[in-house]
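What follows is calculated from the coordinates using simple rules that are stated; it is not laboratory data. Quantities reported herein were computed from a predicted structural model and do not represent experimental measurements. Don't worry about glycine lacking a Cβ; one is built from the backbone with ideal geometry, like all the others, and counts go over all protein chains shown.
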């Protein structure tokens with residue numbers, strides 16, 4: 001009986017070694033591509049900063065209406081901040097306090113917002129930048145919540161936030177000041 005080879009049953013199924021190695025190589029390549037994308041913080045940082053900027057600009061509009069006074073939104077390319085004066089420096093006594101009593105407190109926010117944790121100011125994380133169209137360093141909301149630059153109205157303002165190849169936008173509508 002030792003010299004006889006048993007015939008293969010027709011019901012047996014399986015994979016060859018070549019098939020298994022091919023599948024493992026394909027899964028490895030897909031995993032490497034997905035891991036690079038998964039660990040890229042730029043996507044998340046850009047989205048988070050965009051949402052923080054939208055919320056801060058909306059808050060500035062609501063403060064202007066609630067306090068019946070002009071609130072200025074400072075856009076210096078590294079942070080978004082709210083103040084009651086038109087000067088770009090935003091002196092300590094003219095800063096709008098954060099809605100929750102403090103800003104995010106992240107290192108970049110504290111560095112770009114002059115170490116003040118209670119000011120309505122958020123700094124862009126490292127690797128995240130933004131540009132506005134039209135290019136303006138500051139605009140304001142009047143007591144009716146309408147956006148403007150000085151005495152003139154603000155045309156539709158678009159803020160493009162970028163982190164690497166990722167981008168998001170914040171839009172402030174011209175007449176209504178609607179932020180989206």
Estimated 222 nm signal from helices in the chain, with DSSP H stretches of n ≥ 4 weighted -39500 (n - 2.57), rounded to 500
-10500 deg cm²/dmol
Cα-based Rg of the range 6-85 normalised by 2.2 N^0.38 Å, two decimals:
2.45
Give me 138, 157 ranked fewest to most by other Cβ atoms within 10 Å of their Cβ, as a rough exposure proxy.
138, 157
Under 14 Å by backbone N from the virtual spin label 7 Å along Cα-to-Cβ at residue 137, the residues of the range 88-126 are 88-91
Relative contact order of the range 65-126, pairs being alpha-carbon contacts under 8 Å that are 6 or more residues apart, as %
31 percent
Shape category assigned to the range 86-135 from the gyration tensor of Cα positions, a/c cut at 1.5
oblate
Order by neighbour count: 97, 82, fewest other Cβ atoms within 10 Å first, most last.
97, 82
What Kirkwood hydrodynamic radius, in Å, does the range 44-172 give when the mean of 1/r is taken over all pairs of distinct Cα atoms and then inverted?
14.4 Å
Residue order, fewest to most beta carbons within 10 Å, for 38, 119
38, 119
Ranked highest first by the average count of other Cβ atoms within 10 Å around their residues, in what order do 14-27, 55-68 fall?
55-68, 14-27
Apply 1/(1 + (r/R0)^6) to the Cβ-Cβ distance of residue 115 and residue 30, taking R0 = 35 Å, and write down the FRET efficiency to the nearest 0.05.
0.20
In nm, to one decimal, how far is the residue 171 label point from the residue 99 one, both placed 7 Å along Cα→Cβ?
2.1 nm
